[in-house]
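Quick notes on the structure that follows.
The values are calculated or read from the model by the stated rules, or taken from the named source; none is laboratory data. Treat the numbers as computed from the prediction; the structure is a model and nothing was measured. Glycine gets a Cβ as well: all are built from the backbone with ideal geometry, and neighbour counts include every protein chain shown.
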Amino acid sequence: MLKICCIGAGYVGGPSCAVIAFKCHDIKVTIVDLNQARIDAWNSDRLPIYEPGLDEIVFARRGKNLFFSTDVDEAIREADLIFVSVNTPTKKSGMGAGMAADLAYIETATRRIAQVATTSKIVIEKSTVPCRTAQSMRTILEANSTKGIRFDILSNPEFLAEGTAIQDLFHPDRVLMGCLQTPEGLAAQQKLVDIYSRWIPRERVITMNLWSSELSKLAANALLAQRISSINALSAICEATGADVDEVAYACGTDSRIGPKFLKASVGFGGSCFQKDILNLVYLSEQLFLPEVAAYWKSVVTMNEYQKMRFTHRIVRTLFNTVTNKRIALLGFAFKKDTGDTRESAAITMCSYLIQEHAQLAVYDPKVPPKQIIADLIEPGVGTNEVEVKKHVSICSSAYEACVDADAIVICTEWDEFKMGALDYQRIYASMNKPAFIFDGRLILDAPKLREIGFKVETIGKST
Ligand code: UDX
Ligand code: UDX
Ligand code: ADP
């Protein structure tokens, strides 16, 4: 039986390797992590991450050919293929602080493989990493390979988006793979191609050299984020001129060279990848003495920060230039709908600005646990401390509860349950202070209908 080990049971490793187990019953998949609580959760009825469709897949295969464990060494020892899916956060200090990826977790995992392996392994880089990381992994592994044991390195970056991870893994636009263009490298790559080909059409499995594969992942995320910053920059012009950003996006998106996707103006992009990967690209460009290239990509992040600040300023300005002690219902805290993940969520920055303006925030999100919201707001660098957060933030268990006695509602995440048909906005209006304001940061509401009820509505990318 072919055996796969996945190091790192997070948002990437968990779903992607669970899907391999689901699609290939004859492969034993063991997902390991150092974090005991996380592994316990994977082994329980309440999985550590919320992802539509994930429960069914895990429950169908767990204990059969899918296992979750903290015994990293044993899983490495028995595996033929090892996916490295550990976290690669932006460095907080030292060289490249605030920009470069922290590769300490990758290196620790790689050294562990080198130490405990007693047979040859194919090691697959799954986490998004800076270019040439595979080279460092190879150097570490080769320095430790002994007679009869060889390590082949593949790059196989993951393109799943949270909230649609299972669909993305079942029907990916493409699976990308890179290897050293040597007979051994190509043979190792073929083994991985054979696995994906069980459920993905062969022509969608793209192969190339290691470095192209690593750079392609960074480039894809940078291009996607750049589209959002571009439409968000246009949203500012729309608000100032009377153009409507949805109409502009539609007009542009119907050009087949541009395409309609990823042109939704918003309070700003979040998530663990976009900002991190762009900053990675900025750092790489600087290292390569390409300051103009670095500045170009940096501007995508700058525009995103500007968008969050701009929308918050609009809220304060509209509420008669002061939000001191006003109750503001913040609907949605996750960085997008259908996930409980809050990493880099625009809501964090917006809450921090509003707390600094002394607002009273009533936050509700369907999937983010209350303690996560508090933890995010007191994280160093966010700009608000524990005392302020305690004084200014209450966490609510429904949208209705958050809106009672509120002066304003701010839509931060586009959850379906906040849409017009799903929430009774008449009831909400009746429970609010007047004038009752709604700020739609996600373009999900019907402003004319809300105005009929009596709301004062402000929408991102629209002047009225
Ligand atoms: C453009 C728009 O395409 C068209 O819709 C608009 O009405 C007028 O402006 P045009 O300038 O005639 O049309 O040519 P286009 O094919 O868009 O190319 C513009 C420039 O971009 C050319 O110099 C072309 O060589 C360059 N280009 C285009 C690239 O460098 N790379 C590409 O992938 C595409
Ligand atoms: C992204 C990439 O899509 C995925 O391929 C990669 O593997 C990881 O990074 P993810 O961060 O999970 O996935 O979600 P995505 O759907 O890309 O959204 C990222 C952010 O952009 C969210 O905050 C979302 O709300 C925002 N967004 C997206 C917009 O503001 N407008 C859009 O049109 C699309
Ligand atoms: P991602 O979104 O990239 O999946 P996560 O932070 O959700 O990132 O998951 C990464 C996981 O990797 C974490 O649960 C972390 O505990 C785990 N991890 C990090 N280093 C190691 C290691 N050396 N061995 C095993 N697990 C590790």
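Observations
- Yes/no for I124 being within 15 Å of ligand 3 (Cβ to nearest atom), out of contact with any Pro (no Cβ under 7 Å at 6 or more places or on another chain) and in a strand (DSSP E or B): yes
- The numbered conditions (1) on the phi < 0 side of the Ramachandran plot; (2) part of a loop (DSSP other than H, G, I, E, B); (3) within 16 Å of ligand 2 (Cβ to nearest atom) are all true for S216 except (2).
- Residue match in region 30-38 (condition: surrounded by 23 or more Cβ atoms within 10 Å (Cβ to Cβ) and either among the aliphatic types (A, V, I, L, M) or at pLDDT below 95 (or both)): yes
- Residues satisfying the stated conditions in region 279-307, i.e. within 17 Å of S345 (Cβ to Cβ) and crowded, with 24+ Cβ neighbours inside 10 Å: N304, Q307
- Condition met for N221 (within 16 Å of ligand 3 (Cβ to nearest atom), part of a helix (DSSP H, G or I) and at negative phi): yes
- Qualifying residue in region 257-264 (condition: touching a residue at least 12 places away in the same chain (Cβ under 8 Å), aliphatic (A, V, I, L, M) and surrounded by 22 or more Cβ atoms within 10 Å (Cβ to Cβ)): no
- R198 being assigned to a loop (DSSP other than H, G, I, E, B) and of a type in the set (D, E, K, R): yes
- Counted residues, region 327-351 - those being surrounded by fewer than 21 Cβ atoms within 10 Å (Cβ to Cβ) and away from ligand 2 (no atom under 16 Å from the Cβ): 1
For (1) within 16 Å of ligand 2 (Cβ to nearest atom); (2) over 25 Å from the mean Cα position of the chain (by Cα); (3) exposed (fewer than 15 other Cβ atoms within 10 Å of the Cβ), each residue gets a yes or a no:
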site: A79; (1), (2), (3): no, yes, no
site: I82; (1), (2), (3): no, no, no
site: V86; (1), (2), (3): yes, no, no
site: G98; (1), (2), (3): no, no, yes
site: A104; (1), (2), (3): no, no, yes
site: E107; (1), (2), (3): no, no, no
site: I124; (1), (2), (3): yes, no, no
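- The one condition from (1) part of a strand (DSSP E or B); (2) surrounded by fewer than 19 Cβ atoms within 10 Å (Cβ to Cβ); (3) within 12 Å of ligand 2 (Cβ to nearest atom); (4) hydrophobic (A, V, I, L, M, F, W, C) that I206 does not meet is (3).
- D341 being within 16 Å of ligand 3 (Cβ to nearest atom) and either part of a helix (DSSP H, G or I) or of a type in the set (V, I, T) (or both): no
- Single residue of T241, T146 found to be over 27 Å from I258 (Cβ atoms), among the β-branched types (V, I, T) and out of contact with any strand residue (DSSP E or B) (no Cβ under 8 Å at 6 or more places or on another chain): T146
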